[in-house]
Amino acid sequence: MTRPLLALLGLPLLLCACQDQGARAQTAALQAQVDRLQEEVRALQAAQAEQARALPTNLRQVTEQAAAQNCANSLTRELESFRENSLDQRYPTAAQLVLPPPAPISA
């Protein structure tokens, strides 16, 4: 009776050992997938951080270009308005113009 009892008790141990190997293989595969995904996340975060660092420079550059264009347009309107209102249809001299002070240069 002991032998069948031992065989009966040994069977679950064998099944557990087989299941452990399968679970270990699945765990290893899942861990490899998690590692790959974490690496992708790190790469995406690094790319996003690089874009965030470049963005203020681009915004500053766009803002400065827009301000320069607005200034040029305003000067053109002022010059044309002076020419249209002058008796001899001439542009103003530098002394006749009132220009705003130059903007500080940002580094």
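The values are calculated or read from the model by the stated rules, or taken from the named source; none is laboratory data. Remember, it's a predicted structure, so these values are computed and weren't measured experimentally. Note: ideal-geometry Cβ built from the backbone for every residue, glycine included; neighbour counts use all protein chains shown.
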- prompt: Quick one: is Gln26 under 40 Å from the mean Cα position of the chain (by Cα), at pLDDT 90 or above and assigned to a helix (DSSP H, G or I)?
  reply: no
- prompt: Glu84 fails exactly one of the following numbered conditions: (1) exposed (fewer than 10 other Cβ atoms within 10 Å of the Cβ); (2) at pLDDT below 90; (3) acidic (Asp, Glu). What is the number of that condition?
  reply: (2)
statement: Checked against (1) modelled with pLDDT under 90; (2) surrounded by 10 or more Cβ atoms within 10 Å (Cβ to Cβ), Glu39 satisfies every condition except (1)
